[in-house]
1. Compute, for the chain, the length of the dipole vector about the Cα centre, with Cβ point charges of +1 (Lys, Arg) and -1 (Asp, Glu) only. Units Debye, rounded to 20.
2. Please enumerate, by chain and number, the lysines with C-alpha under 24 Å from the C-alpha of LYS142, excluding those fewer than 8 residues away in the same chain.
3. Determine the share of the chain's accessible area contributed by carbon and sulfur atoms, expressed in whole percent, with a 1.4 angstrom probe.
4. List the aspartates and glutamates whose Cα sits under 20 Å from the Cα of LYS92, skipping any in the same chain fewer than 8 residues away.
5. For the chain, give the share of DSSP beta bridges that are antiparallel, in percent and rounded to the nearest 5; count only bridges with both residues there.
6. Between the alpha-carbon centers of segment 147-219 and segment 74-100, tell me the distance in whole angstrom.
7. Report the one residue of GLY145, ILE107, GLY29 whose Cα lies farthest in the direction of the positive end of the charge dipole of segment 14-149 (charges on C-beta: Lys and Arg +1, Asp and Glu -1; origin at the Cα centre).
8. Which residues in segment 13-57 place their backbone N less than 17 Å from a point set 7 Å from the Cα of SER101 along the Cα-to-Cβ direction?
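The values are calculated or read from the model by the stated rules, or taken from the named source; none is laboratory data. Quick caveat, the model's predicted, so the values are computed rather than measured. All Cβ positions, glycine included, derive from the backbone under ideal geometry; neighbour counts span all protein chains shown. Heavy atoms of the whole protein, side chains included, go into the accessibility calculation; ligands, DNA and RNA do not. Shrake-Rupley method; radii C 1.70, N 1.55, O 1.52, S 1.80 Å.
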Amino acid sequence: MLSLPLQAPAGRPLSLLAIGAHPDDIEIGAGGLLLGLAEIDLKARYVVLTGTAERQQEARNAAHSFLPRADLTIDCLDLPDRRLPTAWGRVKEVLEDVSRSCSPDLIIAPSSDDAHQDHRTIGELITTVFRDQLYLAYEIPKWDGDISRPSVYVPMSVSTAQRKVELLHKCFPSQRNRDWWDDEVFLGMARLRGMECRAHYAEAFRCARSVIVPGPPGA
Ligand SMILES: [Zn+2]
């Protein structure tokens, strides 16, 4: 299958906006993609909408661990965890504020059909604020069993997948006691998605709209 490269535009860094409802969402959903982007010229804005002080610090550490060379700006907010739908207007304001100071090429964020109400609220609002970006909606395994048909795959080497899981354990110690937080869930999901795209491991995303320009860059 033809793979479309994701690279920095000529003469400037790739601008990434990564949004999470909770402090570990971005890395669970797209940690492998982040590790891949860590090698290119990258300007990244992280926005995490809920979290205690402890978990916000974990989110900051994770951002720096997954993207050690990026030009990073990190915003951690403390909107109501598990009740983001009640803060719909505030979430929209946050996204609108971000859009005024950040014009990303790529957005990674939850999906509008995610079963978790906090994730879903963000997914529903992304395209009401950002309309000129490639938006890849990541998936997060959960007891609701909402994994769905993805449209975009990011293959991961075995070492990248293992590095992702290693960093998840290291960066989010507050989550280690959760019964779903283990290598088998993370690597099992990655193996399933890898099988679907003929790689060993992969992350998968939903993309509702993308633009393809034939020919050399800038043509
Ligand atoms: Zn979450």
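1. Taking the Cα centre of the chain as origin, the dipole is about 380 debye.
2. LYS164, LYS170
3. Looking at the chain in its full context, I get 50 percent from C and S.
4. Filter leaves ASP25, ASP75, ASP78, ASP81, ASP105, ASP113, ASP114, ASP118, GLU124, ASP132.
5. 25 percent
6. Here the answer is 25 Å between Cα centres.
7. The Cα lying farthest towards the positive end belongs to ILE107.
8. Once the point is set 7 Å along Cα→Cβ of SER101, 16-20, 43-50 turn out to lie under 17 Å by backbone N, inside segment 13-57.
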